[in-house]
1. Tally up the residues in region 17-29 that are buried (at least 16 other Cβ atoms within 10 Å of the Cβ) and farther than 19 Å from Asn60 by Cβ, please.
2. Out of all the residues in region 1-33, which are among the basic types (Lys, Arg) and over 11 Å from the mean Cα position of the chain (by Cα)?
3. The conditions are (1) touching a Phe, Trp or Tyr at 6+ places or on another chain (Cβ under 7 Å); (2) at pLDDT below 95, and Ser43 fails exactly one of them. Which is it?
Amino acid sequence: MTHVFFHCASGERVLLDHDGSDVEDLVEAHERAKTIVRQFVSSQTPDDWRAWTMHVSDENGEDIFLMPFSYVLGRPH
């Protein structure tokens, strides 16, 4: 079990995850990151989320992996 944090950043804003979550492995962390991205995108805000990136980090603040929101959203049509 690993404790990870799901921070989100764009060129102008940063949203920090102060609580974090326990995950079994990187696969679970990756799936949870995709779920969080989908939650942000489905919110009723005027934001263009394609410029955002999810930073999944460990308890020491080291990035484990990055997930651009565009990875989940795909290309605009």
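The values are calculated or read from the model by the stated rules, or taken from the named source; none is laboratory data. Treat the numbers as computed from the prediction; the structure is a model and nothing was measured. No Cβ is skipped: glycine too gets one built from the backbone with ideal geometry, and neighbour counts run over all protein chains shown.
1. Of the residues in that region, 0 qualify.
2. Within region 1-33, just Arg13 meets the criteria.
3. Tallying (1) touching a Phe, Trp or Tyr at 6+ places or on another chain (Cβ under 7 Å); (2) at pLDDT below 95, Ser43 fails exactly one: (1).
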